[in-house]
Every structure is written in C-alpha cells, then in structure tokens.
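Undergrad: Encoded as structure tokens, here's the structure I'll be asking about.
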Number of protein chains: 2
Amino acid sequence: MTDLLQQLRTAVGSANVLTEAADTAPYLTDWRKRYHGRAQAVVRPGSTAEVAAVVQACAAAGTPMVPQGGNTGLVGGGTPDERGNSVLLSLQRMNRIRALDPDNDTITVEAGCILQQVQQAARAADRLFPLSLAAEGSATIGGNLATNAGGTQVLRYGNARELTLGLEVVLPDGRVWDGLRGLRKDNTGYDLKQLFIGAEGTLGVITAATLRLHALPRVQRTALAALPSLQAATALLNQARAAASATLTAFEVMSDVCLRSVARELPQQRLPLAPDTAPWFALLELSDPDDEARASALLERLLGAALEEGLAVDAVIAQSLAEAQALWRLRESIPEAQAKAGGNVKHDIALPVSRVAEFVASTNAALAAQFPWIQPVVFGHLGDGNLHYNMQTKPGTPLATAFAHERAINEVVHPAVAARGGSISAEHGLGQLKRAENRRYKSEVELALMRSIKAALDPHGLMNPGKLL
Amino acid sequence: MTDLLQQLRTAVGSANVLTEAADTAPYLTDWRKRYHGRAQAVVRPGSTAEVAAVVQACAAAGTPMVPQGGNTGLVGGGTPDERGNSVLLSLQRMNRIRALDPDNDTITVEAGCILQQVQQAARAADRLFPLSLAAEGSATIGGNLATNAGGTQVLRYGNARELTLGLEVVLPDGRVWDGLRGLRKDNTGYDLKQLFIGAEGTLGVITAATLRLHALPRVQRTALAALPSLQAATALLNQARAAASATLTAFEVMSDVCLRSVARELPQQRLPLAPDTAPWFALLELSDPDDEARASALLERLLGAALEEGLAVDAVIAQSLAEAQALWRLRESIPEAQAKAGGNVKHDIALPVSRVAEFVASTNAALAAQFPWIQPVVFGHLGDGNLHYNMQTKPGTPLATAFAHERAINEVVHPAVAARGGSISAEHGLGQLKRAENRRYKSEVELALMRSIKAALDPHGLMNPGKLL
C-alpha cells in the first residue's frame, strides 16, 4: 500500500477508500458507457474537512484528482483517463441539507445532495427550486453546479449559475474557500463563485452551495401546438413572452420526426396530436401563483390568436394534471425513444433565438446535400435558443452509417453554429467529448485567458486534467 | 511632450487627448467631490480599436490606466490617485448602440452609452431593459457593468451581472477579447465575462456588451403601506412574493425619519401618508404584461390581508400614473433630502432578508448606547436585503459630530453586518472608499484568490491601481 493510500484511509476511513475493481467499476465508466477510466482509488469523503484532507494529500503527492457527483454527465467530465494514476473523489456521501431559510428564499446544501432531494426540501417549505432536468433523480447538485446545468425551466429561472448565491469550495491545494453567502447583492470584490460554476471540477471541488429559491407556483397550464414552421414557433414564442412575461415557464419544440419516433419506439405513449398534423410542435407551459382561470384564459387567447394568424394549425390544452404530465412525458421521452432506436449523432447547441429557424433550414439542407441518407431529429428549448440537433438515418440506411460519418457531420454543424455566434455546448459542457473540438471555435485570446485562470488557481494541473481545457 | 502623449495623440487624435487643467478637471474629481486625482492626460477613444491602441501604448510605457464612464460612482473607483502618472481613459465617446435583436431579446451597446439611452432604445423596440437607478441619466452602461450596478428592479430582474450575456473587453496588454455572445446557454469553458463584471476596471476595459431584454410590462400598480415594524415589512414581502411571484417588481422600505426628512427639506413633495402613521413604510410595485384589473385586485387583496393581520396600519394605492410617480419620487428623494440636510455617515449593506429586521433593531440599539446623539436614517431595497443604513444626528447635535465619529460608527456597523453573513458594499462597490475596510472582513483565502486572479490577468498591476484590491 502506498503512502498516499494510507493517508487517504486515515482521512476518510478505510471503508471509504475503494480499490477493488468490483467496487470502483461503477465510478470509472460514464453512464452512456463511452468513457472508461482507471484510478488509484475511489475516495468517498463525508465532510468538507475530509475533502480538504484528501485534496491536501493528493496535492502533496502530485496526484491528479477527478471529482464526481452522480455520474450522470454526458461528456465524460467525471471519468478519469486510462493512466490510472488519479484519485476519483466521489462527493456522494456529502448529502446533507445544511439549512433552509424561507424568509431569505435560500437553501444551503452539500454537493452530494441529489437534485430531486433539493427540489423536495424546497417544496416541503412551500418554495420552488426550479432546476429541473431528465437526470434529476440521480444527478447531484454539485455536478449540476460544476457543469452549470440547464434543463427545462431556464427560460424563466436561468441556468444553475443564476440559481447560485454562494459556494464552498476546496481549492486544488486543499485550502477551503467559504463563500456560502446568501446575498442577492454583494459588490465586495471579484465574484469568485462564478469561476467554479461550469468549470467542470478543473479549478477546485465544490463541496456546498447556497441556492436561490422561488415562490411555488400553484397553477400550471400546459399545451401542445402544431406549427407550420420553426419560424412560426419563434413568432409564437415572442407573442407568448410579450403576453405572459415571467408566467411563461417553458417553451419547448420538437419536429414531427421526434413524435413519430416516440410513437414507434414507445407505443404506450399516447400522442394528443398526430405527427402528420404539422412539421413542428411546441410545448408551452404557463405558471401562475394561484389563478387558474387567468392562466387558462391567457393560454387560450394566445393559441386562439396563433390559430387565426396561421402561426399554429392545431393545439390541445391539457385539461388535467395527468394530461399535462402526459405532454411533458411526450417531450421527455424523445431521448429514450431515440436510444431505443439505436441512438444518433448528437449536438447540444445554442444560438441566438432569432437565428434558430434559419440555422435549422440551412443546415438541414447542407447535411441533406452531403448525406442523402440523413434524417434530422431536432428538439429542444427554443426559449433558450438551445437545440438538441441530432442526426440519424432514413429508413433503409443502417444507423451505423450516421456514426461512421460523425466527424464529417460535425464538420457541417459546428461551423454553421459558430458562424451564427452560437455555442457547440449549450448545457452539457465540454468534458472529454468536446474539449478538442471546442478549441477550434474559440479565439486565441479566449483560450489564453482560460489557461491563465487555470494556471492561477491550479498551477500544477492536478484538478480533473484532460477535461474542458 | 512625452513619447506616450505623442502615441496617444496618434491613436485617438489630438482633440481627444486632454492635458490642460481646465479640460481634465471634470474627469479628475468624483461626483461627490470626495476624491481628487491627477493624470498625465485624459484620453477619449472613439472605438474599440482606439481603446486597444491606447492600452497598448500605456502598457508598453508601464503607465497605469484608470477607466471612467459617466463619473457617477460613489466610492472613487473612477478617480485616479494623486501621483499624476496615470492616464484616465474616458469611454464616453463610445456611445453607439450596435444592434438590437427583438427576436432574441438582446441589445448590443458600447460602454459609453448612457443607461437611459439603453432603456429608451429597448422601449422603442417594445422591450424593457430593466436596470434602473438614480444616476441613469448620466451613468454609462460600461460603468454599470464594471460596478455590477443594482438599483430598484433587482428583486425581479437581477443586478447588472444577471442582465449581461456577452462582453467585449480590452485586456491590460491591449488584446481585445470578443465575448459578445447573445446566448442564454453556453457551457464551453470558464465564463470569462463574469470576471470583468464588478471588477471596477481592475482587470480590463469593458468596451461593449450584449444585454438581456425583457417583455415590457404595460401595467404597473404602486402602493405605499405604513407598517408597525420591520418584521412586519419582511412578513409582507414574503406574502407579496408568494402571491405575486415575478409580478412583484419592487419592494422598498423607508423609516418614518426618512419621510420627515423629505417633508422638511423638500416641502414641495406631498406625503400620501403622514410620517406619524407608523415607524416604517413600504413601497410595493406590481407589474403585469397587460391586465390592469388583475394587478389592482392582487394589490388590494394583499394590502387588505396585511391590514387585517396587523402587518400594515394604513395603505394607499396610486390611482394614476402621476400618483405612482409621486410615490417613487418620495422614495427617490430621500438621498436628496439628506444631502440638503448636510449629509450623513453612509452604509450600503446587504444581509440575508431574514436577518434585516433583527440587524436594524440590534444595531440601532448598539449605536444609541454608544452615541446618544445618533439618528438612524434607514431605507433601501428590502426585497434584495439591501439597506442604505445611514446615520445623522438628533436635533440639537451638530451634524459634524456624526462625521467626526465616522470610523467609530463603522466599527459598530460593519462587524454587525459581517457577523450576520452580510456585505459591507451591496451595490456601490469598493473603489477607494471601502478598499481597506473590505480587507478586514474577507478571509485570507478569498483575498489570496482575488490577488491571484489580478496577477493572472494584469501581472504588471496597470489597470486602475489602488481600487478594489
């Protein structure tokens, strides 16, 4: 046993230093099973002091560290490389809710809390913690912050970044920065928490956070509208924003291909509108503190006007909670249906909302010209300009053809995104998957700035090496 | 003429390099006339390229630079020191609105645009740019961003930071970072713009920004409520948040002393409620996309319940735009009334909202025990936990007594703020005024992190030296 392992055992107890392959395996493969890494050990500290002790020991030994939350990331950001010299630092045991202050609308939680646990604690205090995403039953809040998670409520409440008031971070040398402030205004120097949010564990280990809560809306009204085009979707979004302002809490889009895929792969799902109705569909959600009649009237007025103006060709409003949940399930089961069908070449892109429709038309056409067998499966958070712009094959062409052309497809999609001032990773981060690709679309100045920040905070490059930068 | 002056004249034209005392004087004193500095020259570049050329020349000469916007700051952040070796870089000529994208709800503006100009451009496109503060007629957006300005609409829309999607920055060596992205989701590396927002020009010169616009509310309803205590104000705030959610766009408080001061110093102001009605007053504003009846009903219901429960003792709802403006004028004229009365010892503090009432009671008592002549004049943005906790003297004691005890008063107030996890500068920044004081309340770890960021981005310490850090 090495000195380091001995120190880690002293720091966190032998039971929390895993070295047997059977024990460490679940931590060393990402959940999409694309990345497989090795590590000296998986360490499971139970407190900030234990995290600090682990980091100090690793720093002293010059050992790389890979922080990991619920291991639900999509870009390999929490999986170590294959050299086997790193220590995987799992935050899962740090799962206490430290405080909830209803009068300040804040909750202070440890990094290993499951997102759903935070949502439930807020709800029990009659508050909303609005971060919501598919993996919320297993993703940790620490991972959500390290990747600046997005999800379905960003339009109204912002990304994980906008929901964070304070952080506690163990720095790469083991010092603890206590920035757990629950303040909405604080101009006493550089806003250090912003550095660690979205840094994917490359600048330090987030151990706790003070998060912003919101008033719990008692009424939600949900609708599905069939739309003649993505231009019409953008126009409807803008009308909805003007009419509903902050009560518009979601505006999602999906193409007819998505609905057909769900109908085919998940036949238990009922479609309230037939996929043939229109080429595009929008899911709208209005939330109101308590006025059901108002929310209903607003939604009916909006959709009525859209039908009259030709921005929509058909629409259904959920008449019960069950119907609303069914609409959301339809939207949320698109990835599952796609996975069942064998997957696809994925892009998680963001654009100015004003460029989305034109981007999709022009890039679909460019891809079709180059790859006649291609079938776009496009859905996403139009209100945030965020599309899951995925590519599979038309019937008759094996799916493998798409994967075989993954790089060539990226060569069409990513430059088109960049040319419109967009982002090649809207909400999933860079991790290992997009790290090299990202360098092609960032200016030299921006890359140099990022490197200088990394060198300032982690001069020995020990925090999550090979990720992001 | 030195080489540097010659280079600056080449870069921006002789007319834009001011060296005569009569020309430079307005730039070398802050607007409260507390700080008086000197400079080799005042330089007024007209474009990003000119700013870059100026910064390059200064960097090559090892000359410190002091960026300045509208020169409306309250902490001396834009005033050079007295050594006279620096160059003052005024951004006022960079005042073009570069783009407005209504479908993306964004506006791209140069740093020297006056805040009001940005508000008006948004309104002309049927959008709201919500940043709003007393100096909006002369403050520049660049200064607002460099100081992460707050103001009266933070409760609903956030500080300047939350309103910023992208930045263009000239770095301390003259390189230009183009981060003018209009994206609501972008997880492709460290969020560099966050470094420059609130850095008070110590890390680079903000030359342009892409800002977030919101739906323009067509209806606003405003009320003034007389409250038995600050606890009651906090309870009313929470009821208002739960009932009105995002339609609650302002919740301001002021003590009876503030109202008396306005009545005495600005007799043309009419008070809709007599100062004797209660010890505290709250100004509430509800905004609605278009439904006047709803906003009125909600406000009446809220205040009706508060009166019944004893959270309010009286209330008036503005019945016209003129009456609403009069209520806001009352709130906004408190600083003017105080200035007329000879000023006071100011504190711009933030606390968790849940600690505000207890802080004021306990700190008022501690101050009264030590300084029997003291008279607190307290008002501010309760919804943000932000108080202007100012101190003057009771009748019979000259105001000079308060100023003579400024440090001793700070010695009571600031530790009480720190003990409650608060901030000694909520929205004004540190500048020269609070730079040294701030070091007493920050951990060594936090100060070290800030210094390492400064050293990484501005290794020669040329950007706005003597400010913030």
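Undergrad: Return the residues of the range B:204-214 that are open to solvent by less than 20 Å² (accessible area, probe 1.4 Å) and within 11 Å of another protein chain (Cβ to nearest Cβ); say none if nothing qualifies.
TA: Answer for the range B:204-214, where residues must be open to solvent by less than 20 Å² (accessible area, probe 1.4 Å) and within 11 Å of another protein chain (Cβ to nearest Cβ): B:204, B:210, B:213.
Undergrad: With respect to the numbered conditions (1) aliphatic (A, V, I, L, M); (2) more than 14 Å from chain A (Cβ to nearest Cβ); (3) open to solvent by less than 20 Å² (accessible area, probe 1.4 Å); (4) out of contact with any strand residue (DSSP E or B) (no Cβ under 6 Å at 6 or more places or on another chain), which one is the sole condition not fulfilled by residue B:87?
TA: Only one criterion in (1) aliphatic (A, V, I, L, M); (2) more than 14 Å from chain A (Cβ to nearest Cβ); (3) open to solvent by less than 20 Å² (accessible area, probe 1.4 Å); (4) out of contact with any strand residue (DSSP E or B) (no Cβ under 6 Å at 6 or more places or on another chain) is unmet by residue B:87, namely (4).
Undergrad: Which one is farthest from residue B:127 (Cα to Cα) among residues in the range B:94-113 that are buried (at least 23 other Cβ atoms within 10 Å of the Cβ) and more than 11 Å from chain A (Cβ to nearest Cβ)?
TA: It comes out as B:94.
Undergrad: Return yes when residue B:127 is at pLDDT 95 or above, within 14 Å of another protein chain (Cβ to nearest Cβ), open to solvent by 10 Å² or more (accessible area, probe 1.4 Å) and under 14 Å from the mean Cα position of the chain (by Cα) and no when it is not.
TA: no
Undergrad: Please find, among A:84, A:69, A:77, A:73, the residue that is in contact (Cβ under 8 Å) with a residue 12 or more places away in the chain, more than 21 Å from residue A:198 (Cβ to Cβ) and of a type outside the set (A, V, I, L, M).
TA: Answer to the check: A:84.
Undergrad: Please specify each residue of the range A:159-170 satisfying the condition of being more than 9 Å from chain B (Cβ to nearest Cβ) and open to solvent by 10 Å² or more (accessible area, probe 1.4 Å).
TA: Once the filter is applied, which keeps residues that are more than 9 Å from chain B (Cβ to nearest Cβ) and open to solvent by 10 Å² or more (accessible area, probe 1.4 Å), the range A:159-170 yields A:165, A:168.
Undergrad: If you don't mind, another one. Across the range B:177-196, what is the number of residues that are within 7 Å of chain A (Cβ to nearest Cβ) and in contact (Cβ under 8 Å) with a residue 40 or more places away in the chain?
TA: Result for the range B:177-196: 2.
Undergrad: Across the range B:218-233, which residue is modelled with the highest pLDDT among those that are open to solvent by 30 Å² or more (accessible area, probe 1.4 Å) and closer than 30 Å to residue A:236 by Cα?
TA: Restricting to residues being open to solvent by 30 Å² or more (accessible area, probe 1.4 Å) and closer than 30 Å to residue A:236 by Cα, the top hit is B:220.
Undergrad: If I ask for residues that are in a strand (DSSP E or B) and either surrounded by fewer than 19 Cβ atoms within 10 Å (Cβ to Cβ) or more than 14 Å from chain B (Cβ to nearest Cβ) (or both), which ones from the range A:237-262 would you list?
TA: A:253, A:254, A:255
Undergrad: Out of everything in the range B:1-41 that is acidic (Asp, Glu) and open to solvent by less than 80 Å² (accessible area, probe 1.4 Å), what residue ends up being farthest from residue B:81 (Cα to Cα)?
TA: Per the criteria, the residue is B:23.
Undergrad: Would you mind finding the one in B:47, B:86 that is out of contact with any Gly (no Cβ under 7 Å at 6 or more places or on another chain) and within 19 Å of residue B:468 (Cα to Cα)?
TA: Of B:47, B:86, the one residue that is out of contact with any Gly (no Cβ under 7 Å at 6 or more places or on another chain) and within 19 Å of residue B:468 (Cα to Cα) is B:86.
Undergrad: Could you figure out which of (1) at pLDDT below 95; (2) more than 20 Å from residue A:213 (Cβ to Cβ) isn't true of residue A:89?
TA: Of everything listed in (1) at pLDDT below 95; (2) more than 20 Å from residue A:213 (Cβ to Cβ), residue A:89 misses just condition (1).
Undergrad: Further, regarding this structure: Can you name every residue in the range B:427-444 that is open to solvent by less than 30 Å² (accessible area, probe 1.4 Å) and not in a loop (DSSP other than H, G, I, E, B)?
TA: Result: B:438, single match.
Undergrad: Given the criteria within 21 Å of residue A:469 (Cα to Cα), at pLDDT 95 or above and open to solvent by 20 Å² or more (accessible area, probe 1.4 Å), does residue B:173 qualify?
TA: It is false that residue B:173 is within 21 Å of residue A:469 (Cα to Cα), at pLDDT 95 or above and open to solvent by 20 Å² or more (accessible area, probe 1.4 Å).
Undergrad: Let me ask another. How do the pairs read when you match residues in the range A:265-277 that are in contact (Cβ under 8 Å) with a residue 60 or more places away in the chain with residues anywhere that are assigned to a helix (DSSP H, G or I) and among the basic types (Lys, Arg), using Cβ under 9 Å and keeping only pairs 6 or more apart or on different chains?
TA: A:265/A:340; A:266/A:340; A:269/A:329
Undergrad: For the list (1) in contact (Cβ under 8 Å) with a residue 12 or more places away in the chain; (2) under 22 Å from the mean Cα position of the chain (by Cα), I need the number of the one condition that residue B:33 fails.
TA: Failed condition: (1).
Undergrad: Considering only the range A:402-421, state which residues are within 14 Å of chain B (Cβ to nearest Cβ) and open to solvent by less than 20 Å² (accessible area, probe 1.4 Å).
TA: A:414, A:417
Undergrad: I'd like to know if the range A:382-401 contains one or more residues that are within 11 Å of another protein chain (Cβ to nearest Cβ), open to solvent by less than 30 Å² (accessible area, probe 1.4 Å) and either without any contact (Cβ under 8 Å) to a residue 12 or more places away in the chain or out of contact with any strand residue (DSSP E or B) (no Cβ under 6 Å at 6 or more places or on another chain) (or both).
TA: For the range A:382-401, residues within 11 Å of another protein chain (Cβ to nearest Cβ), open to solvent by less than 30 Å² (accessible area, probe 1.4 Å) and either without any contact (Cβ under 8 Å) to a residue 12 or more places away in the chain or out of contact with any strand residue (DSSP E or B) (no Cβ under 6 Å at 6 or more places or on another chain) (or both): present.
The values are calculated or read from the model by the stated rules, or taken from the named source; none is laboratory data. In this text, all values refer to a predicted model and were calculated from it rather than measured experimentally. Positions of Cβ are generated from backbone atoms using ideal geometry, with glycine treated the same way; all protein chains shown enter the neighbour counts. Just the protein is used for accessible areas: all its heavy atoms, side chains included, with ligands, DNA and RNA removed. Shrake-Rupley method; radii C 1.70, N 1.55, O 1.52, S 1.80 Å.
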